[in-house]
Amino acid sequence: MRTRVLVLGGSFAGMTAALSVRSRLGDEVEVTVVGASDRFVFNPSLIWLPFGRRGRTDVSFLLEPTFTRRGVRFVHASAVRVDPDAHEVETTAGTFGYDYLVIATGYRNDLDVVPGLRDVPTITTLADAERTGDAWRRFLDEPGDVVVGATQRASCFGAAYEFLFNTSYQLRRAGLHGKVRLTYVTSEPYAGHFGIDGMPGARTLMGMFARKEGIEVVTGAQMSEIRPDAVELDDGTVLPYRFAMVVPPFHGQDFLAGTPGLVDAGGYVPVRPTYQTVRWDDVYAVGIAAAVPVPWVTQVPVSIPKTGFPTEQQAHVAAANIVAQVRGDAPSHEKEFADIPALCVMDAGNNGVAMVADKMLPPRRFAAMVPGPQNHLAKLAFEKYSIAKMRRGLVGLP
């Protein structure tokens, strides 16, 4: 009987883990992916969708054809319960047994952290970005002040900055730059923290970008309420808006909490450097689903971003260890999240910043930020390459 590998989730982490295991072990394994969504979405491109620069079909594709070509079974269903002792996962399409399980279920928006957050646009999912596009078009008909922000405990600061600077660019295109007030409000202790304790020169560079674009920046902010026309902070500051986009914090998927000892208070799965769970040797967690401790304390809580590159790195480590176990060896591949290199291109409309570091989190031996319009072109090229790579299931490519 073939070894059964079950993967929950079909985004960056799940697709990479499933296809990597299958490519290494071939017919030795039966790989099944259960995904709550039937589409792969290239989330980094969602910053452009509200402005009409991308559409649904530009940034997503159906998962089943990709998996089928690579010999992986795909089931469009939602997981509802994990039973690691029985080696079973209950889903809306039935119960699946496994020999090895990979949890790559990503996140859900935590929209209860601030009253009113549920009613303000965001860009953290494809559907959210589409609704934000509707709000932007209404804004263009009746312009006014704009607020872009990230709440307390948020982690996706890169997307917030990209949307902020793309908003400034779009205001110029609409002839509104300088006629409306654009404010960035963030829980970061300083602009350029990014949830990774900053980079050399990040504070100065983000400050320069903001001043150049006439953006008011409010840091160390804790939102107390979001009304239909204003964001209110804990210190009493009120920021009126006609259009707003706010990035919320993330939380692990609810169903995982039904398994005692599987997740932490945030709904994420604590893992070892092998990405095996702390309690079960045959259960792995990768990507956003895996817990990453925040190694510092800020006055207003911020979380650590889990972007596509480290997610894929985690998935490859987990896949290598599953391959080892199937072949009777001990799982020896390790890569702490903090030690994964940082590689990111922040888009800014027609400009951008490339960020590179030897480690995701400090202390680092090397880190650099390189601004310039070439980074916008690099971001576009990276998008096309990445979507093509994932659509073809070529997860072994860089």
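The values are calculated or read from the model by the stated rules, or taken from the named source; none is laboratory data. Only a predicted model underlies this, so the values are computations on that prediction, with no experimental measurement involved. Please note: Cβ atoms are built from the backbone with ideal geometry, for glycine as well, and neighbour counts cover all protein chains shown. Just the protein is used for accessible areas: all its heavy atoms, side chains included, with ligands, DNA and RNA removed. Shrake-Rupley method; radii C 1.70, N 1.55, O 1.52, S 1.80 Å.
For region 327-398, go through all pairs of different Cα atoms, get the mean of 1/r, take its inverse, and jot down that Kirkwood value in Å. Spell out each step's value before the answer.
Working: mean 1/r = 0.0693 Å⁻¹.
For region 327-398, inverting the mean 1/r across all distinct Cα pairs yields 14.4 Å.
In whole percent, what relative contact order does the chain give with Cα contacts below 8 Å and a gap of six or more residues? The partial results should precede the final answer.
Working: 868 pairs, mean separation 74.9, N = 398.
Result for the chain is 19 percent.
Measure out, as a whole number of angstrom, how far apart the alpha-carbon centroids of region 121-145 and region 211-232 sit.
That distance is 17 Å.
Of the peptides 300-312, 91-103, how do they stack up when ordered by the mean number of other Cβ atoms within 10 Å, highest first?
On the way: 300-312: 21.6, 91-103: 19.2.
Per-residue Cβ counts within 10 Å, averaged per peptide and sorted highest first, yield 300-312, 91-103.
Can you list residues from other chains, or at least 5 along the same chain, whose modelled amide H is less than 5 Å from the amide H of PHE74?
VAL33
Rounded, prolate or oblate: which fits region 143-220 when a ≥ b ≥ c are the square roots of the eigenvalues of the alpha-carbon gyration tensor, with rounded for a/c under 1.5 and prolate only if a/b beats b/c? Present the calculation step by step, with values, prior to reporting the outcome.
Details: a/c = 2.20, a/b = 1.67, b/c = 1.31.
It is prolate, given that a/c is not under 1.5 and a/b is the larger ratio.
Normalise the Debye intensity by I(0) for the chain, one equal point scatterer per Cα, no solvent, then take log10 at q = 0.14 Å⁻¹ and round to two decimals.
Summing over Cα pairs of the chain leads to -1.24.
Check which residues have an amide H placed less than 5 Å from ALA154's amide H, if you skip close sequence neighbours.
SER303
Under the rule of at least 5 residues apart or a separate chain, name every residue whose amide H is placed under 5 Å from the amide H of ALA291.
HN-HN under 5 Å from ALA291: VAL269, VAL271.
Which trypsin sites (Lys or Arg not before Pro) in region 137-180 pass both tests, a DSSP loop state and at most 11 other beta-carbon atoms within 10 Å?
On the way: sites: ARG137, ARG138, ARG153, ARG172, ARG173, LYS179; in loops: ARG153, LYS179.
Those satisfying the criteria are LYS179.
How far, in degrees from 0 to 90, does helix 126-141 lean away from the longest principal axis of the Cα atoms of the chain, to the nearest 10?
Here the helix axis deviates by roughly 10 degrees.
Could you give the distance between the Cα centres of region 1-37 and region 360-396, to the whole Å?
About 25 Å separates the Cα centre of region 1-37 from the one of region 360-396.
Counting only DSSP beta bridges with both residues in the chain, what percent are antiparallel, rounded to the nearest 5? Let's see the in-between values first.
Numbers: 33 of 66 bridges.
So the antiparallel bridges in the chain amount to around 50 percent.
Just to confirm, what accessible area per residue do you get for the chain at 1.4 Å probe, in whole Å²?
Ligands and nucleic acids excluded, the result is 41 Å² per residue.
Counting other C-beta atoms within 10 Å, and keeping those with at most 13, which DSSP coil chymotrypsin sites (Phe, Trp or Tyr not before Pro) do you find in region 222-326?
Numbers: sites: TYR241, PHE243, PHE250, PHE255, TYR268, TYR275, TRP280, TYR284, TRP296; in loops: TYR241, TYR268, TYR275, TRP280, TRP296.
Listed in order of number, the matching sites are TRP296.
Looking at the square roots a ≥ b ≥ c of the eigenvalues of the Cα gyration tensor of region 227-385, which shape do they give, rounded for a/c under 1.5, prolate if a/b is larger than b/c, or oblate?
oblate
Could you please report the charge total around TYR98, scoring K, R as +1 and D, E as -1 over all other residues with beta-carbon less than 14 angstrom from its beta-carbon?
Numbers: positive: ARG2, ARG4, ARG73, ARG81; negative: GLU30, ASP83, ASP85, GLU88, GLU90, ASP99, ASP281, ASP282.
That sum, taken over residues with Cβ under 14 Å, equals -4.
What do you get for Rg/Rh of region 1-125 when both radii come from the Cα atoms and Rh is the Kirkwood radius?
Taking Rg over the Kirkwood Rh, I get 1.04.
Helix 12-25 against the longest principal axis of the chain: what's the angle in degrees, Cα atoms only, rounded to the nearest 10?
Helix 12-25 sits at roughly 30 degrees to that axis.
Hey, any idea what % of the chain's accessible area is carbon plus sulfur with a 1.4 Å probe?
Details: 8440 of 16450 Å².
Carbon and sulfur atoms account for 51 percent of the accessible area of the chain.
Name the trypsin sites (Lys or Arg not before Pro) in region 1-40 that are in a loop by DSSP and that have at most 10 other C-beta atoms within 10 Å, would you? Write out the running numbers ahead of the final one.
Numbers: sites: ARG2, ARG4, ARG22, ARG24, ARG39; in loops: ARG2.
Sparse-neighbourhood loop trypsin sites (Lys or Arg not before Pro): none present.
Cross-chain or 8 or more residues apart, Cα under 23 Å: how many lysine pairs in the chain fit that? Count them up, please.
Here the count comes out as 10.
Order these peptides, 381-389, 41-49, by their mean beta-carbon neighbour count within 10 angstrom, highest first. All intermediate terms of the calculation are to be shown ahead of the outcome.
On the way: 381-389: 14.9, 41-49: 22.6.
In decreasing order of mean packing, 381-389, 41-49 become 41-49, 381-389.
Report P(r) for region 98-237: all Cα-Cα distances, bin width 10 Å, range 0 to the bin holding the largest distance, values in whole percent.
10, 39, 35, 11, 3, 1, 0
Could you work out how far helix 374-391 tilts from the main Cα principal axis of the chain, as a 0 to 90 degree angle to the nearest 10?
Taking the Cα atoms of the chain, the angle to 374-391 is about 30 degrees.
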